[in-house]
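Peer 1: Pasting a structure below so you can have a look.
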Amino acid sequence: MLIPRDERGVALIVSLLITLVVAMIGVAVAVSARGGERVATAFGNQQRSFEAAVAGLEDAREQLRLARYNSALTVANYSSLLTTAANGGTLVNSASLSNFGATTGFSNATSNTPFLASTALDSAAYQVFLTNAARNGESVTSTTDSDDVVTLTSFGSGPNSVGFSAVQGVYSVDPNVTPPLLPGLLTMPGPDVTIDLPNGNASSMDGDDGSSPPKCYATIAVSTTTARNTVQAAMSRPNNYSTCSPGGTGMASVDNFISGANPYHDPATNTPVLQTGSTSLTSVSYLNDLVAEITAVADYVGTDTGSINLGTWNGSTCTSPKTVVITGNFNMGGNTNGCGILVVTGTLTMNGTPGYHGGMYVIGTGAVVRKGGGNGVINCGGMLIANTTSPARFPGLVGKASYTINGGGNSSFEASCGGGMTGELLKFSKPLKRTSFQQIR
């Protein structure tokens, strides 16, 4: 059948219109897809800039802790770091983002010296500035710090400077995470102790911290007369235990650290010869709270994996302290040489020649076994052994702790930290607590 000429013309026009519509839809889809891709890329870059800024805060917090730790006992605040940040001028007023100008994760638009200069994180980057905190009467622009509270402002930039974020936190030395300064090199609270001391003539304990004038610690500090008698009876080599005056050598270096009325109802009122320890060291609730507080800010919390970073000790200085909490038993063997804070809730077994520099808290099972003696050194904080899982018949008080050495060797406990530093150095390894956080861009 023949199609009229007019109808053939209409069909051609309709076909062309349909083709045009399809083509336009295709273009629209392509444009939309391209736009979506650009949006996704921009969102991804923005997210990476935020992640970089947050990473900068965490890096700076750890660097603040290390700076304080490595200053030993000479610096009690962050004034020197704030002065460095001011760079001969005034600290930037970190209360307003605009005061940082066009600063990004890659570039510095202020006259201040960044606490952490531009640091690459994959293809992103962060840069962190240190200022004071408007707390306790201090100004954010003041270079004088007397309360250990500071502000960190971190700038993050995404790949190729696409994406920008800024975050800010206020940090302080956590007053709740204050490991107790122990009254002895080895502190064992409880009604009595189970103890087997080394029989090697080279193994030793020295409670003289080497400072001037010296601070004298007991070699072994206990909380009852009964426990002191048990320790003294276990000293097969009494001349290997010594401290400075008013202590002495051998049995005279062992002390009951409880002053006044004894929580375990010792019949006589005691006056410590050396360092007085807090009665809280006999409290199950206090010690459990201490473990929980340290756990909340620890670098590692978990079981013994056989390859845990316990901190870096270079022979005289702890260059990278670590706070480690082992939930359960821990086998510390070989040539392990850590530093910082170590908490073990199970039995701590030390094999071979391990050493540690800082505070060791065996709280829970309250048992330590040293095998072979070796030549490991424990100093800069001492060891606390407390049995909170089998409490004494006195409500709320710790039970009998255990310390056993199998073998001799020339292992030692020392109050000195090598460079004239004392066990009080431990307080400088406390983690910083973040008291506030905000995203300001």
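The values are calculated or read from the model by the stated rules, or taken from the named source; none is laboratory data. On a predicted model such as this, the values are computed, not experimentally measured, just so you know. Here the Cβ positions follow ideal geometry from the backbone for every residue, glycine too, while neighbour counts run over all protein chains shown.
Peer 1: If you take the residues of the stretch 200-240 that are in contact with a Lys or Arg (Cβ under 7 Å, 6 or more places away or on another chain) and not aliphatic (A, V, I, L, M), which of them is surrounded by the fewest Cβ atoms within 10 Å (Cβ to Cβ)?
Peer 2: ASN201
Peer 1: Could you check the stretch 329-397 for strands (runs of 3 or more DSSP E) lying wholly inside it with 2 or more residues that are among the β-branched types (Val, Ile, Thr) and touching a residue at least 12 places away in the same chain (Cβ under 8 Å)?
Peer 2: 337-344, 347-351, 355-364, 367-371, 377-387
Peer 1: Test each condition in (1) in a loop (DSSP other than H, G, I, E, B); (2) farther than 30 Å from GLY399 by Cα; (3) modelled with pLDDT under 90 for SER172 and report the one that comes out false.
Peer 2: In the conditions (1) in a loop (DSSP other than H, G, I, E, B); (2) farther than 30 Å from GLY399 by Cα; (3) modelled with pLDDT under 90, SER172 misses (1) alone.
Peer 1: Does PHE164 qualify as being in contact (Cβ under 8 Å) with a residue 40 or more places away in the chain, within 23 Å of SER98 (Cα to Cα) and surrounded by fewer than 24 Cβ atoms within 10 Å (Cβ to Cβ)?
Peer 2: Yes, satisfied.
Peer 1: Would you be able to say whether some residue in the stretch 394-407 is in contact with a His (Cβ under 9 Å, 6 or more places away or on another chain), surrounded by 22 or more Cβ atoms within 10 Å (Cβ to Cβ) and at pLDDT 80 or above?
Peer 2: For the stretch 394-407, residues in contact with a His (Cβ under 9 Å, 6 or more places away or on another chain), surrounded by 22 or more Cβ atoms within 10 Å (Cβ to Cβ) and at pLDDT 80 or above: absent.
Peer 1: Pick from SER123, SER154: which is assigned by TED's automatic domain parsing to the domain that holds LEU64, under 21 Å from GLN439 (Cα atoms) and of a type in the set (Gly, Ala, Ser)?
Peer 2: Just one listed residue meets the conditions, SER154.
Peer 1: Here's another thing I want to ask about it. Please enumerate the residues belonging to the stretch 117-156 that are touching a residue at least 12 places away in the same chain (Cβ under 8 Å), among the small types (Gly, Ala, Ser) and over 12 Å from ALA55 (Cβ atoms).
Peer 2: Within the stretch 117-156, SER118, SER123, ALA133, ALA134, SER142, SER146 meet the criteria.
Peer 1: Residue by residue through the stretch 249-271, note down the ones that are out of contact with any helix residue (DSSP H, G or I) (no Cβ under 7 Å at 6 or more places or on another chain), surrounded by 16 or more Cβ atoms within 10 Å (Cβ to Cβ) and assigned to a loop (DSSP other than H, G, I, E, B).
Peer 2: Listed by number, the residues that qualify are PHE257, ASN262, TYR264.
Peer 1: Could you identify the single residue in LEU152, LEU130, LEU121 that is surrounded by fewer than 22 Cβ atoms within 10 Å (Cβ to Cβ) and in contact with a helix residue (DSSP H, G or I) (Cβ under 8 Å, 6 or more places away or on another chain)?
Peer 2: One residue alone meets the criteria, LEU121.
Peer 1: In the stretch 88-123, which residue that is farther than 18 Å from LEU64 by Cβ and not in a loop (DSSP other than H, G, I, E, B) is modelled with the lowest pLDDT?
Peer 2: Among residues in the stretch 88-123 that are farther than 18 Å from LEU64 by Cβ and not in a loop (DSSP other than H, G, I, E, B), the one modelled with the lowest pLDDT is LEU121.
Peer 1: Further question: Would you check which residues across the stretch 111-130 are of a type in the set (S, T, N, Q) and either within 23 Å of ASN160 (Cβ to Cβ) or under 22 Å from the mean Cα position of the chain (by Cα) (or both) and list them?
Peer 2: Those that are of a type in the set (S, T, N, Q) and either within 23 Å of ASN160 (Cβ to Cβ) or under 22 Å from the mean Cα position of the chain (by Cα) (or both): SER118, THR119, SER123, GLN127.
Peer 1: Report yes if PRO189 is touching a strand residue (DSSP E or B) at 6+ places or on another chain (Cβ under 7 Å) and modelled with pLDDT of 90 or more, otherwise no.
Peer 2: yes
Peer 1: Same structure, new question: Just need a number here: residues in the stretch 367-393 that are modelled with pLDDT of 95 or more, buried (at least 22 other Cβ atoms within 10 Å of the Cβ) and small (Gly, Ala, Ser).
Peer 2: Result for the stretch 367-393: 1.
Peer 1: Being part of a strand (DSSP E or B), hydroxyl-bearing (Ser, Thr, Tyr) and in contact with a Phe, Trp or Tyr (Cβ under 9 Å, 6 or more places away or on another chain): is that true of THR226 here?
Peer 2: No; evaluated as a whole, the condition is false for this residue.
Peer 1: Output the residues belonging to the stretch 277-320 that are more than 21 Å from the chain's Cα centre (by Cα) and crowded, with 17+ Cβ neighbours inside 10 Å.
Peer 2: GLY277, THR279, LEU281, THR282, SER283, VAL284
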